[in-house]
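A.B. asks: Below you'll find the structure I mean.
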Amino acid sequence: MTDLIKVQAVTAEELLQHFEVSEEAEEHLVPDTAPEVSIDRLMEVGLYPDAIKLLAHGLPKREAVWWACLAARDVQNPQTDEDNLNALTAAEGWVKKPSEEARMRCKRLGEKTKYKTPAGWAATAASWCHGSLAAEGEPVVEPPEHLYAHAVAGAVTLAAAFSDPVNPDKQFIRYLQQGLSLARGGNGRIEA
């Protein structure tokens, strides 16, 4: 039994078919059990980026993007440029009220960040949740089912690295606690 009520996958195997883990992570996975078992095992051995990927793929789209927003917001500071402030605000707006207009705003602002920041990846995650990947006026190209989760994992992992480039483990753990809170039906807000 798992308490990750927002994760719809019954087994980790259902999620693992959508992405690759590191070679080191493979021996710690228990694919035929609830995703939480593998997430916990990955965290226990310090394979945080792999745990983040697994959790990002398990969360529903809005919760996943909110997780990316929480991590991105955590590394914003007075020197954060306007493009990144706007990208994060757009992603947060999409979480509160998903719409095609909000998605397109996230797409434009994510592109302006050149995909180099947690805020840019949070906005990109929102833009990959629905709609079309093609340019306006082109034939519709729907995003693959779990594409958003790759951007979420990128945002969360990048935020930890931005926070402490030498030893991001503390931030990895904190961000994973945020994601697990969301997976349990919480709001993801974990004090530093």
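A.B. asks: If R₀ is 41 angstrom, what is the calculated FRET efficiency for the pair K6 and Y115, using the beta carbon separation as r and rounding to 0.05?
C.D. replies: On the way: r = 27 Å, r/R0 = 0.65.
My answer for the efficiency is 0.95.
A.B. asks: Now a separate question. With unit charges on the beta carbons (Lys and Arg positive, Asp and Glu negative) and the dipole taken about the Cα centre of region 1-143, which residue among L109, T11, V140 sits farthest to the positive side?
C.D. replies: L109
A.B. asks: Residue separation times 0.36 nm, minus the C-alpha to C-alpha distance between D40 and V141: what's the value?
C.D. replies: So the extension gain works out to 32.8 nm.
A.B. asks: Continuing with the same structure: Determine the gain in length on full extension of the stretch T80-H130; use 0.36 nm per residue of separation and subtract their C-alpha separation, reporting nm with one decimal.
C.D. replies: Between T80 and H130, full extension yields an extra 15.2 nm.
A.B. asks: To continue, here is another question. Let me check something: with ligands and nucleic acids excluded, how do F162, F19 order by accessible area (1.4 Å probe), largest to smallest?
C.D. replies: F162, F19
A.B. asks: By how many degrees, 0 to 90 and rounded to 10, does the Cα axis of helix 35-44 deviate from the longest principal axis of the chain?
C.D. replies: 80
A.B. asks: Using 24 Å as the Cα-Cα cut-off, could you pick out the over-long pairs in K114/K170; K107/K170; K96/K170; K61/K97; K6/K112?
C.D. replies: Values: K114/K170 27 Å; K107/K170 31 Å; K96/K170 28 Å; K61/K97 12 Å; K6/K112 32 Å.
From K114/K170; K107/K170; K96/K170; K61/K97; K6/K112, over 24 Å: K114/K170; K107/K170; K96/K170; K6/K112.
A.B. asks: Starting from 0.36 nm per residue, how many nanometres of slack lie between E13 and D32 once their C-alpha separation is accounted for? Please report the intermediate quantities before stating the final value.
C.D. replies: Values: separation 19, 0.36 × 19 = 6.84 nm, distance 0.62 nm.
Here the segment from E13 to D32 would lengthen by 6.2 nm.
A.B. asks: Just how much of H130 is accessible, in Å², when a 1.4 Å probe is used and the result is rounded to the nearest 10?
C.D. replies: For H130, the solvent-accessible surface is approximately 60 Å².
A.B. asks: By how many degrees, between 0 and 90 and to the nearest 10, does the Cα long axis of helix 61-74 differ from the longest principal axis of the chain?
C.D. replies: Between the helix axis and the principal axis of the chain, the angle is about 80 degrees.
A.B. asks: A further question follows. Report, largest value first, the span of the C-alpha coordinates of the chain along each principal axis, in whole Å.
C.D. replies: 44, 40, 30
A.B. asks: I've got another one for you. Can you compute the helix-only [θ] at 222 nm over the chain? Use -39500 (n - 2.57) per DSSP H run of at least 4 residues, normalise by all residues, nearest 500 deg cm²/dmol.
C.D. replies: -18000 deg cm²/dmol
A.B. asks: Rounded to the nearest percent, how much of the accessible area of the chain (1.4 Å probe, protein heavy atoms only) is carbon and sulfur?
C.D. replies: Values: 4950 of 9730 Å².
Reported share for carbon and sulfur atoms: 51 percent.
A.B. asks: So with the 1.4 Å probe, I'd like the accessible area per residue for region 144-192, rounded to whole Å².
C.D. replies: On a per-residue basis, region 144-192 sits at 47 Å².
A.B. asks: So what are the ³J(HN,Hα) numbers for region 124-139, from phi and the Karplus equation (6.51, -1.76, 1.60; θ = phi - 60°), rounded to whole Hz, Gly and Pro as x?
C.D. replies: Running phi through 6.51 cos²θ - 1.76 cosθ + 1.60 with θ = phi - 60° gives 5, 4, 4, 5, 9, 7, 6, x, 10, 7, 6, 5, 4, x, 8, x Hz.
A.B. asks: Which one of N187, L47, Q171 is farthest out on the positive end of the charge dipole of the chain, using unit charges on Cβ (Lys, Arg +1; Asp, Glu -1) and the Cα centre as origin?
C.D. replies: N187
A.B. asks: Something else now. Using the Karplus equation 6.51 cos²θ - 1.76 cosθ + 1.60 (θ = phi - 60°), what ³J(HN,Hα) coupling, rounded to whole Hz, does each residue of region 8-18 give in order, writing x for Gly and Pro?
C.D. replies: Here the 3J(HN,Hα) series is 7, 5, 7, 10, 5, 4, 4, 8, 5, 6, 9 Hz.
A.B. asks: Report, in whole Å, the centroid distance computed from the Cα atoms of region 58-77 and region 117-192.
C.D. replies: The two parts, judged by their Cα centres, are 5 Å apart.
A.B. asks: Right, another one. So the label point goes 7 Å from the Cα of R108 along Cα→C-beta, right? Which residues of region 56-90 then have their backbone N under 15 Å from it?
C.D. replies: Flagged as within label range: 83-84, 86-90.
A.B. asks: For region 105-192, give the magnitude of the charge dipole about the Cα centre (Cβ charges: +1 Lys/Arg, -1 Asp/Glu; no others), in debye to the nearest 20.
C.D. replies: 300
The values are calculated or read from the model by the stated rules, or taken from the named source; none is laboratory data. This is a predicted model, so every value here is computed, not measured. Every residue, glycine among them, receives a Cβ derived from its backbone with ideal geometry; neighbour counts consider all protein chains shown. Note: accessible area is taken over every heavy atom of the protein model, side chains too, but ligands, DNA and RNA are not part of it. Shrake-Rupley method; radii C 1.70, N 1.55, O 1.52, S 1.80 Å.
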